[in-house]
1. Taking every residue in B:96-105, how many Cβ atoms of other protein chains lie within 10 Å of its Cβ, on average?
2. Would you mind checking the tilt of helix A:44-53 against the longest principal axis of the Cα atoms of chain A, expressed as 0 to 90 degrees and rounded to 10?
3. Before rounding to the nearest 500, sum -39500 (n - 2.57) across all DSSP H runs of length at least 4 in chain A and divide by the residue total; then give [θ] at 222 nm in deg cm²/dmol.
4. Counting pairwise Cα distances across the protein assembly as shown, what percent come out greater than 36 angstrom?
5. Roughly how many whole Å is it from the C-alpha centroid of the stretch B:175-194 to that of the stretch A:166-199?
6. Going through the cross-link list A:Lys107/A:Lys208; A:Lys101/A:Lys277; A:Lys249/B:Lys33, which pairs have a Cα-Cα distance over 31 Å in this structure?
7. For chain B, what are the per-bin percents of Cα-Cα distances with bins 5 Å wide, up to the bin holding the maximum?
8. If Lys and Arg each add +1 and Asp and Glu each add -1, what is the summed charge of the other residues whose beta carbon sits under 12 Å from the beta carbon of B:Glu73?
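Coordinate-derived values only; no laboratory data. Predicted, not measured: the structure shown is a model, and the values here were computed from it. We place every Cβ from the backbone using ideal geometry, glycine too, and count neighbours over all the protein chains shown.
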Amino acid sequence: MAGYVKSQIQTPRRSLRRSTDEPAWVRWALTALAMAFAGVFLFLPLANVFAQALSLGWQYYQESIAHPHTLAAIRLTLLIAAICVPLNCLFGLAAAWAIAKFEFRGKSLLTALIDLPFSVSPVVSGLMIVVLFGAQGFLGEWLRERGIQIVFSIPGMVLATVFVTFPFVARELIPLMQAAGSDQEQAALTLGASGWRTFWHVTLPSVKWGLLYGIILCNARAMGEFGAVSVVSSHIAGLTDTLPLRVEKLYNEYNAAGAFAVASLLALLALATLVIKTWLEWRVAREEQLAQQGPMLSAGDIAGNSVEK
Amino acid sequence: MGFTLFYLSLIVLLPIGALLWRVSELSWSDFWKEALSDRALAAYRLTFGASLSAAMINAVFGALLAWVLTRYEFPGRRLVDALVDFPFALPTAVAGLTLANLFAENGWLGRHLVPLGIQGAYTPLGVIIALTFVGLPFMVRTLQPVLSSMERDVEEAAASLGAGRWRTFTRVIAPMMLPPMITGFALAFARAIGEYGSIVFISGNLPYRTEIAPYLIVTRLEEYNYLGAMAMAVVLLGVSFVLLALVNTIERWAGRFQE
C-alpha cells in the first residue's frame with residue numbers, strides 16, 4: 001500500500017521535471033548550432049592567429065618579434081599601460097569612494113559621465129585630443145611657443161589611452177562599494193583609526209578582487225587600443241608605434257606572417273587576461289559560497305559530525 | 001571628491017567640450033555640408049546598416065549561445081563560457097587581422113566559402129562579420145545572469161497547466177528574455193557604430209562601398225580637413241549619446257518591470 005502511494009506521488013513528479021527540459025534532440029541540435037557559431041567566431045579566429053604567425057616557421061617568428069621596431073613597440077606599449085593603468089586605478093578608487101560613501105546632488109549624472117568614454121568611438125576620442133592640443137587646437141599655439149609636443153607624439157597617445165580606458169576600474173568598484181555600505185568604515189573610525197588607515201585596512205581589502213578585475217580589463221584595453229592611438233600617433237616605426245600599430249604597418253607592407261607574429265603577442269595578452277579573469281570569478285564565487293556556508297557548516301559540525309561518520 | 005571631479009573634467013569633459021566648441025563655431029550650412037556629404041552619407045549607411053545586421057545576428061546566435069551555456073551541461077562548456085569574453089579582451093586590430101585572413105580566398109573559411117560566392121573579406125559582409133565578433137560578448141553577458149536567475153517554478157507551473165515546451169518558451173520564457181535582449185542589442189549596436197580597428201583590416205575601405213564612418217573621419221583628418229572630421233565626429237557622438245540614454249531608459253524600465 002505504502003509502495004503504491006509512493007509511486008503514485010513520484011510518477012507525476014518525475015514527468016513534471018522532464019516537462020521543463022527540452023526533448024533530447026532539440027537539446028543536441030541547439031548545442032550543436034551554438035557550438036558551430038562559437039567555433040566560427042571564437043575558436044577559429046584565435047587558432048588562426050597562431051597558425052598564421054608560425055606559417056613561415058619558428059625561425060621567422062622569432063626574427064619578427066626580435067626586430068628592433070617590434071621591440072620598440074613592445075616598450076612603448078608597456079610604457080603607455082604603465083602610465084594609464086595606475087592613473088585610472090587611482091581615479092577609479094576615488095570616484096567609487098565618492099559615489100558610494102557620500103550623498104550629493106548630481107550623483108547619477110556623475111556615474112553617467114564616468115561611463116561616457118565607452119560610448120564614444122575610439123576614432124572620435126583621438127580626434128578630441130587632436131582638437132584640444134593640436135596645431136590648430138585650443139592649446140596648440142600656447143604649447144608650440146613653449147616647445148611642447150603632445151599630438152603626434154607619446155604624450156598625446158598616453159592621453160588618448162587614458163581617455164579610452166577611463167571607466168574600467170571605476171565601473172567595477174562603484175557597485176561593489178555601494179553594496180558594502182559604509183558601516184565598517186564608520187566602525188573603524190569610531191575605534192580611532194585614521195582615515196588613511198581605514199582605507200588601507202577596511203575599504204581596500206573589501207574590494208580587492210573587483211579592483212584587480214578592473215585593472216586587468218583596463219590593462220588589456222590600454223595595451224590593445226588601436227583607433228584612438230592611431231589618430232594621435234605620428235606612425236614613426238621604432239618611435240611612436242605601439243604593438244597594434246606595428247601589426248597594421250606590417251600588414252600594409254604585405255608581411256602577413258610578421259603581422260601575425262606581433263599579433264600573436266597581443267592574442268597571448270588577451271588569453272592571459274581571460275585566464276586571470278576566469279580565476280578571479282571563480283575565487284569570488286567560492287568566497288561567496290564559503291561565506292554563505294560558513295555559519296551553517298559550524299552548526300552542522302556540532303550536530304552532524306557523528307551522523308556523517 | 002574634488003580629485004574625482006577635477007580628473008573627470010580634465011580627461012573627459014575638456015576634450016568633449018573642445019570638440020563641441022570648435023564645431024559650434026561653424027555655420028549651420030557648413031556643418032551640414034560636411035556632415036552630410038554624399039560620401040559621408042554612404043559611410044553612415046554602411047555603419048548603421050552593418051551595425052544593425054550584426055546586432056541582429058547576435059540577438060539570435062548570442063541568445064542561443066547564452067541559453068545553451070546556462071541551461072545545458074556538455075563537455076567543454078566552461079571553456080566556451082570563458083572564451084565568450086575573448087572578443088572583448090582581444091585588441092581590435094588583431095581581431096580584424098585574423099578575421100580578414102580567415103575569410104580571404106586562401107583562408108581556412110574563405111577557401112570553402114569563396115567558391116560558393118560568399119565573399120567575406122573586403123566586402124560589406126566583412127564589416128558585418130567583424131561587428132558580429134565584436135558585439136557577441138555584450139549580448140551573451142547581458143542575457144546569462146537573467147537566464148540563470150530565472151526560476152524554474154514558472155516553467156513548471158506552465159507545464160503542469162498543460163502547456164507544451166514550445167508554448168512555455170514563447171509565452172513564458174521569451175517575454176522574460178526580451179528586456180535583456182533589447183539591452184544587449186543596444187549595447188552591441190552602440191559598440192559597433194564606433195568600431196574602427198577590426199574593420200580597417202577586413203573591409204578594404206573603398207569609398208562609397210565598404211568605407212565606414214569612423215574610417216572616413218580618419219581620412220578627413222589625414223587630408224587636414226579638420227572641419228569635415230569634426231562635423232562627422234559630432235554626428236557619431238550624438239548617435240551614441242542617444243543610444244546611451246536609450247539603454248539607461250530600457251534598463252530602468254526593465255528593472256521596474258521585474259519588481
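1. Per residue, the number of nearby Cβ atoms from other chains is 6 on average.
2. Helix A:44-53 sits roughly 40 degrees off the main axis of chain A.
3. -25500 deg cm²/dmol
4. Every Cα pair in the protein assembly as shown considered, those over 36 Å come to 41 percent.
5. Comparing the Cα centres of the stretch B:175-194 and the stretch A:166-199, I get a distance of 32 Å.
6. A:Lys249/B:Lys33
7. That works out to 1, 6, 10, 13, 15, 15, 13, 10, 8, 5, 3, 1, 0, 0, in percent per bin.
8. +2
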